[in-house]
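The values are calculated or read from the model by the stated rules, or taken from the named source; none is laboratory data. The model shown is predicted, which means the values in this text are computed figures rather than measured ones. Cβ sites come from the backbone with ideal geometry, for glycine too, and all protein chains shown count toward neighbours.
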């Protein structure tokens, strides 16, 4: 049997970074055309219990035929909703996360939707909340919590429904307390007449080569997908630079060594492996490289280079999307300057493995405005189903999915759209800022003439209030001045970086890096507070070199009756000392209730004194509906991984009435 699969994953997962430690809950709602089923607590299955011993286990060999059933519904998981696409292309809502909650990933089996949900760290509802994530089974509109992961976790959860059981892998890591130890957990859930049974029959696999070492997060995802599609667990052992296939008992089925060293592979099926290889001809010169995308035959060990690129070539890097029995799907980025409404255009292609024929499928991009960094338009959610292509897409007022039929391939967006094809009837989430106005963006890459390499890039957005508001012109002038100031800052940074380059290879070796410096600023929230105030929030990220960049936020408040920009000092009538005391008291209580995000203090008195000294009327804060939220930046009072630490202070406590 060929080993192929469909992707069923949340859009933002591609890369949950260590900084994204999230809070979660199963407080969503489901739409139902799903079979009725029992609900209740998850019961522990005895270690070593087999499938046969778990009574009424739903087998892959039952009369419905799981492989056929899996093809009946294509699952599309967004940030807020899980959608099922029928063979005729119609879309049905299967699950919607509750307010403040988001979907991490979802899979489907035997009429049940399994969904991992979370609360995004540092959102308004979770700034001072506990860190947790929950996994739920949704059946007939009812939810059962299968797994409640505590706040010592957590990295990317991987799961797949195979042979009547949900298999789940996750990693326990205590970053908040600077504990570098980790533990991989592999558990399974099987529904019986008595409810859901929990077991650990796959835990032993966690010690095998390819699982215990190397890129374990990608490996478990790859292995579970291959187990569902063809009954074998395919993993990559970075220590031995080889693909290894196991059965569910951990017995070796086959292995195949890659000819080029790599830290991970991109796509795998039972016949082929696709992986990227980067060669650096000169030591410590990461700006000089030759890249290749290689097709490896798992049976013969032979390899073929499909695409190449380097720092001097106009050829663009090919990034794999999906590997099927006979095709590789991949995308390339459009690198031309973008100063229009549509940004970050991606071109998607198919490549015939046997003939080498390439076919351009479509081009898609993203629109300015939030939420932008949660998806890669045209790429996220990519799938091929019943002769149609599905992918994440953006409309002016929402984010959802587009569907492109075979007779529409080869098209680029037209008429101001960011994608070709038809928008699915069920969208994922609204772009709420559009009820108040529009957003403009500018993207630029600065290139060194001496080396023809990118040295600096920036993306800056500006919100523009709708003219129907009486003071829109004055407010927009202020927002434009802020925007132009950010662009000048970026241009100055680019000019400074260029000034370091002399044209001498030896002298410039340190300044020339693999990644360009960057400065991005995106609209994150627009809201009218009460009757008279408008708040506009931006979030950004600046990379100045080193291991990682630094996030930043900025928040603005405007009086809609006058058009003036306001600060807390204009609203708060108390003394500075009284404000510092209020901030310190609320912050100390927040630390006592939720100590994990903080570095910590030796005593409450020490915490109060430190927080009091740091408080001021112009400290970083955002304006909520009923409160201000003080925001402590990374490293200010907690590790980088904690992100921003938010402390809510009700307007009532400040005697402010918006």
Can you give me the number of residues within segment 569-607 that are in contact with a helix residue (DSSP H, G or I) (Cβ under 8 Å, 6 or more places away or on another chain), closer than 25 Å to residue 641 by Cβ, part of a helix (DSSP H, G or I) and without any contact (Cβ under 8 Å) to a residue 60 or more places away in the chain?
6
Can you tell me which residue among 653, 641 is over 29 Å from the mean Cα position of the chain (by Cα) and surrounded by fewer than 20 Cβ atoms within 10 Å (Cβ to Cβ)?
653
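Provide a single number: the residues in segment 496-526 that are in contact with a helix residue (DSSP H, G or I) (Cβ under 8 Å, 6 or more places away or on another chain) and either under 25 Å from residue 278 (Cβ atoms) or modelled with pLDDT of 75 or more (or both).
Counting residues in segment 496-526 that are in contact with a helix residue (DSSP H, G or I) (Cβ under 8 Å, 6 or more places away or on another chain) and either under 25 Å from residue 278 (Cβ atoms) or modelled with pLDDT of 75 or more (or both) gives 9.
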Residue ranges of strands (runs of 3 or more DSSP E) in segment 228-292 with at least 2 members under 30 Å from residue 455 (Cα atoms)
272-279
Failed condition for residue 222, given (1) surrounded by fewer than 22 Cβ atoms within 10 Å (Cβ to Cβ); (2) assigned to a helix (DSSP H, G or I); (3) modelled with pLDDT under 90, with all others met?
(1)
For segment 556-569, indicate whether the set of residues that are modelled with pLDDT under 95 and within 24 Å of residue 459 (Cβ to Cβ) is non-empty.
no
Is it the case that some residue within segment 88-97 is modelled with pLDDT of 90 or more, in contact with a strand residue (DSSP E or B) (Cβ under 7 Å, 6 or more places away or on another chain), surrounded by 20 or more Cβ atoms within 10 Å (Cβ to Cβ) and not in a strand (DSSP E or B)?
yes
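Table: residues versus (1) within 34 Å of the chain's Cα centre (by Cα); (2) within 23 Å of residue 555 (Cα to Cα); (3) in contact (Cβ under 8 Å) with a residue 60 or more places away in the chain.
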position: 609; (1), (2), (3): no, no, no
position: 619; (1), (2), (3): yes, yes, no
position: 627; (1), (2), (3): yes, yes, no
position: 633; (1), (2), (3): yes, yes, yes
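Yes/no per residue for (1) surrounded by fewer than 19 Cβ atoms within 10 Å (Cβ to Cβ); (2) part of a loop (DSSP other than H, G, I, E, B):
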| residue | (1), (2) |
| --- | --- |
| 371 | no, yes |
| 416 | yes, yes |
| 440 | yes, no |
| 443 | yes, no |
| 456 | no, no |
Which members of segment 420-438 meet the condition of being farther than 19 Å from residue 521 by Cβ, in a loop (DSSP other than H, G, I, E, B) and either out of contact with any helix residue (DSSP H, G or I) (no Cβ under 7 Å at 6 or more places or on another chain) or in the same structural domain as residue 501 (by TED's automatic domain parsing) (or both)?
424, 425, 426, 427, 428
Could you check segment 608-620 and list, in sequence order, the residues that are closer than 27 Å to residue 536 by Cα and assigned to a helix (DSSP H, G or I)?
611, 614
Going through (1) under 19 Å from the mean Cα position of the chain (by Cα); (2) closer than 30 Å to residue 449 by Cα; (3) modelled with pLDDT of 90 or more one by one, residue 380 fails only at (2)
